[in-house]
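Engineer: Before we start, here is the structure in question, set down as structure tokens.
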Ligand code: TXA
Ligand code: MG
């Protein structure tokens, strides 16, 4: 299969003809990769089981890991779920469209292949203008996981999507780099208060502030059957070992030298400040602020795969605000933490 690319200018939208083509492809039960503000998604009509099966096939995703249904408006969201708790309405008012996903009891509108047979569904209204344009034009919700091969870092550019899925999907909408760079915050909203199942750029503090509550710490990572099935899989794993260095930054230099002494080609993933402080050349510029670091992280992880590096040494970041999500992804990607 040849993968067709529709290129959208930065801050641009699809032309009417392009939009029709994308909607028709989805309506025909085919897959379309599209940009969101977090990462690229691999979309299919969420009401069409055969189309959803194609997502699992193309990604090599375990079938017990449910997908997020993407919609273009609150009205579209309401059509997929039994009810919307008041606190979810409040969160939607503040954060949606945006990088946040709500898990709610579903009403069987979407295929049970989307929900992997659970009685809940994950729903998100993305804020990327092209995603919104597409979703508003579809008469159905669009199920979309991140558009990477299962186990690889999520794609933050069309190039990443093509590396993983070229020839396996008919269409990709290329709108350049995504902004946030990490997947959406996932919130279990089936209880009296939300529980964070996956950290993202909408942080615990932001949610607590809006709802004026203190949220329970999620125990997802320690319980045997996690509420978010995806959490039991090793996610975001680059193809080569990743050593995550905590504490004293001098340890970074020691590790790098140790690997180099063994003749290993070392990929170095540091913030600009740390690279400068240690007088080390990071082979990939993560940037300065935690926002830049989040945005560039997956590109960094992927960049080393192509150039026969033996090992990646990565710096740790302070676990506060967006740093919590960055550290969550780095910890999952790590083969060793020292
Ligand atoms: O930013 C994002 O969320 C991106 C873009 C494309 O929207 N999507 C994304 O999808 O990251 P995916 O499939 O890679 O991650 C969805 C996560 C998985 O960990 C999955 O297990 C969880 O959400 N999930 C989906 N439905 C669920 C449900 N009903 N209950 C609990 N967890 C669920
Ligand atoms: Mg994913």
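Engineer: Return yes when residue 163 is closer than 28 Å to residue 332 by Cα, within 16 Å of ligand 2 (Cβ to nearest atom) and more than 14 Å from the chain's Cα centre (by Cα) and no when it is not.
Structural biologist: Judged against the criteria, residue 163 is a match.
Engineer: Any residue at all in the range 164-171 that is under 24 Å from residue 103 (Cα atoms), in contact with a strand residue (DSSP E or B) (Cβ under 7 Å, 6 or more places away or on another chain) and within 14 Å of ligand 1 (Cβ to nearest atom)?
Structural biologist: no
Engineer: Looking at residue 77 and the list (1) away from ligand 1 (no atom under 11 Å from the Cβ); (2) in contact with a helix residue (DSSP H, G or I) (Cβ under 7 Å, 6 or more places away or on another chain); (3) within 21 Å of residue 99 (Cβ to Cβ), which single condition is not satisfied?
Structural biologist: In the conditions (1) away from ligand 1 (no atom under 11 Å from the Cβ); (2) in contact with a helix residue (DSSP H, G or I) (Cβ under 7 Å, 6 or more places away or on another chain); (3) within 21 Å of residue 99 (Cβ to Cβ), residue 77 misses (2) alone.
Engineer: Among the residues of the range 291-338, which ones are assigned to a loop (DSSP other than H, G, I, E, B) and touching a helix residue (DSSP H, G or I) at 6+ places or on another chain (Cβ under 6 Å)?
Structural biologist: Within the range 291-338, 317, 319 qualify.
Engineer: Let me ask something else about it. Does residue 178 satisfy being closer than 23 Å to residue 72 by Cα, modelled with pLDDT of 95 or more and in contact with a strand residue (DSSP E or B) (Cβ under 9 Å, 6 or more places away or on another chain)?
Structural biologist: Judged against the criteria, residue 178 is not a match.
Engineer: Among the numbered criteria (1) modelled with pLDDT of 90 or more; (2) out of contact with any strand residue (DSSP E or B) (no Cβ under 6 Å at 6 or more places or on another chain), which one does residue 221 miss?
Structural biologist: Condition (1) is where residue 221 drops out.
Engineer: Any idea how many residues of the range 135-149 are within 12 Å of ligand 1 (Cβ to nearest atom) and over 12 Å from the mean Cα position of the chain (by Cα)?
Structural biologist: Qualifying residue count for the region: 4.
To keep it simple, each residue is scored yes or no on (1) away from ligand 1 (no atom under 16 Å from the Cβ); (2) closer than 17 Å to residue 110 by Cα; (3) surrounded by fewer than 15 Cβ atoms within 10 Å (Cβ to Cβ).
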| residue | (1), (2), (3) |
| --- | --- |
| 1 | yes, no, yes |
| 7 | yes, no, yes |
| 22 | no, no, no |
| 31 | no, yes, no |
| 35 | no, no, no |
| 55 | no, yes, no |
| 60 | no, no, yes |
| 72 | no, yes, no |
| 83 | no, yes, yes |
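Engineer: Using beta carbons and a limit of 6 Å, which pairs, at least six apart or on different chains, have the first residue in the range 40-51 and farther than 18 Å from residue 21 by Cα and in contact (Cβ under 8 Å) with a residue 60 or more places away in the chain and the second one in a helix (DSSP H, G or I) and within 16 Å of ligand 2 (Cβ to nearest atom)?
Structural biologist: 40/161
Yes/no matrix, rows are residues, columns are (1) within 16 Å of ligand 2 (Cβ to nearest atom); (2) closer than 20 Å to residue 55 by Cβ:
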{"site": "76", "(1), (2)": "no, yes"}
{"site": "105", "(1), (2)": "no, no"}
{"site": "108", "(1), (2)": "no, yes"}
{"site": "117", "(1), (2)": "no, yes"}
{"site": "124", "(1), (2)": "yes, yes"}
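Engineer: Among (1) buried (at least 17 other Cβ atoms within 10 Å of the Cβ); (2) touching a residue at least 12 places away in the same chain (Cβ under 8 Å); (3) over 26 Å from residue 202 (Cα atoms), where does residue 338 come up short?
Structural biologist: Unmet condition: (1).
Engineer: Are any residues in the range 228-263 assigned to a loop (DSSP other than H, G, I, E, B), at pLDDT 95 or above and touching a strand residue (DSSP E or B) at 6+ places or on another chain (Cβ under 9 Å), and if so, which ones?
Structural biologist: 246
The values are calculated or read from the model by the stated rules, or taken from the named source; none is laboratory data. What you see is a predicted model, and the numbers here were worked out from it, not measured in a lab. Positions of Cβ are backbone-derived with ideal geometry, glycine not excepted, and every protein chain shown enters the neighbour counts.
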